[in-house]
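The values are calculated or read from the model by the stated rules, or taken from the named source; none is laboratory data. Worth saying up front: this structure is predicted, and the values here are computed from it rather than measured. Please note: Cβ atoms are built from the backbone with ideal geometry, for glycine as well, and neighbour counts cover all protein chains shown.
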Amino acid sequence: MAKRYCILSYKVLILAIICCFINANAQAAPILKLNSHGHDVIVLQQNLIRMNYDLSKVSGNYDKETQEAVKAFQKDHKIKVTGIVNRETWWAIKGGKQNVIVNSQSSINEKIILDNLSSVPYGRQFLSKKEVPGIIATAKDYIGVPYVFGGDTPAGFDCSGYLEYVFAKHGIRIPRTADEQYKLGKLVEPDDLEAGDLVFFTTYEPGASHCGIYLGNGNFIHASTSRGIRVDNLDNTYWASRYYGGKHIVK
């Protein structure tokens, strides 16, 4: 009995060591580095600019200037300075303080509005057809508002903060993050989407990490990292290749 217990304990110990090793390597695995390019680099550059690091433009290309800005960020946040965005650096940047000036009173009022709203149920349609035109009109009111990572006011939106804000203006409280918003409604094929439904994409991390409101005729409105609130089409090569699913929320 004692021998079996020792063998079992030994196996548990080995498994724990393996898990720690895998986790450590996952944390150290580089995500972005010199010569990387694409959507993730755009998100990175916009956040570095938002936090006042020295970058002249958002290009989507991880160039020397971006590398130096990353090094400066790592130094400021006591992260090993490599110029490579690993998981530790990425999540630190995601949680970085926003240098966005907003009207404090309007922010307080918006919080009060959200606190007074009941959350919608997961897995069910909750939006009536008569509410759809108003939702879409409100969504379009903010076209041109800049993208701000973590933003949820007209001073700047990220994708899920934008959806949360638009629906809250109509007395509807939805979750704050894209992955939680994906739990709303019923999964449908693209051809079965209706105006007012939600569409989701896989961008900077696996799963539903970007979202928008479907407008009809293949168009959707969302907070684009490069151009702020705008209308795009599901057939666009970039979005078509990253499409994750559509959720039918209209009753």
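Brief remarks follow.
- Residues (surrounded by 22 or more Cβ atoms within 10 Å (Cβ to Cβ) and either modelled with pLDDT of 90 or more or outside the structural domain of residue 126 (by TED's automatic domain parsing) (or both)) located in region 148-157: 156, 157
- Extreme residue, farthest from residue 158 (Cα to Cα), among residues of region 37-60 that are free of Cβ contacts under 8 Å to residues at least 40 places away in the same chain and under 20 Å from the mean Cα position of the chain (by Cα): 37
- Every condition in (1) within 19 Å of residue 135 (Cβ to Cβ); (2) in contact with an Asp or Glu (Cβ under 7 Å, 6 or more places away or on another chain); (3) assigned to a loop (DSSP other than H, G, I, E, B); (4) not small (Gly, Ala, Ser) holds for residue 214 except the one numbered (3).
- Scanning region 223-243 for residues that are loosely packed, with under 15 Cβ neighbours inside 10 Å, free of Cβ contacts under 8 Å to residues at least 40 places away in the same chain and either among the aliphatic types (A, V, I, L, M) or over 18 Å from residue 207 (Cα atoms) (or both) gives 233, 235, 236, 237, 240.
- Considering 186, 130, 169, the condition of being over 20 Å from the mean Cα position of the chain (by Cα) and closer than 30 Å to residue 51 by Cα is satisfied by 169 alone.
Conditions (1) hydroxyl-bearing (Ser, Thr, Tyr); (2) closer than 14 Å to residue 135 by Cβ; (3) touching a strand residue (DSSP E or B) at 6+ places or on another chain (Cβ under 9 Å); (4) assigned to a strand (DSSP E or B), marked per residue:
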position: 205; (1), (2), (3), (4): no, no, no, no
position: 221; (1), (2), (3), (4): no, yes, yes, yes
position: 235; (1), (2), (3), (4): no, no, no, no
position: 238; (1), (2), (3), (4): yes, no, yes, no
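- Assessment of region 42-60 against the conditions (surrounded by 12 or more Cβ atoms within 10 Å (Cβ to Cβ), within 30 Å of residue 187 (Cα to Cα) and at pLDDT below 90) yields at least one matching residue.
- Filter result for residue 54 (more than 18 Å from residue 149 (Cα to Cα) and not assigned by TED's automatic domain parsing to the domain that holds residue 203): no
- Residues located in region 138-179, provided they are more than 17 Å from residue 228 (Cα to Cα) and of a type in the set (A, V, I, L, M): 168, 172, 174
- The set of residues from region 236-250 being touching an Asp or Glu at 6+ places or on another chain (Cβ under 9 Å) and not aromatic (Phe, Trp, Tyr) comprises 246, 247, 248, 249, 250.
- Put simply, of 110, 88 the only residue that is over 21 Å from residue 165 (Cβ atoms) and at pLDDT below 90 is 88.
For every residue, the table says whether it meets (1) of a type in the set (Val, Ile, Thr); (2) more than 19 Å from residue 136 (Cα to Cα); (3) outside the structural domain of residue 38 (by TED's automatic domain parsing).
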| site | (1), (2), (3) |
| --- | --- |
| 212 | no, no, yes |
| 218 | no, no, yes |
| 221 | yes, no, yes |
| 225 | yes, yes, yes |
| 231 | yes, no, yes |
| 235 | no, yes, yes |
| 238 | no, yes, yes |
| 243 | no, yes, yes |
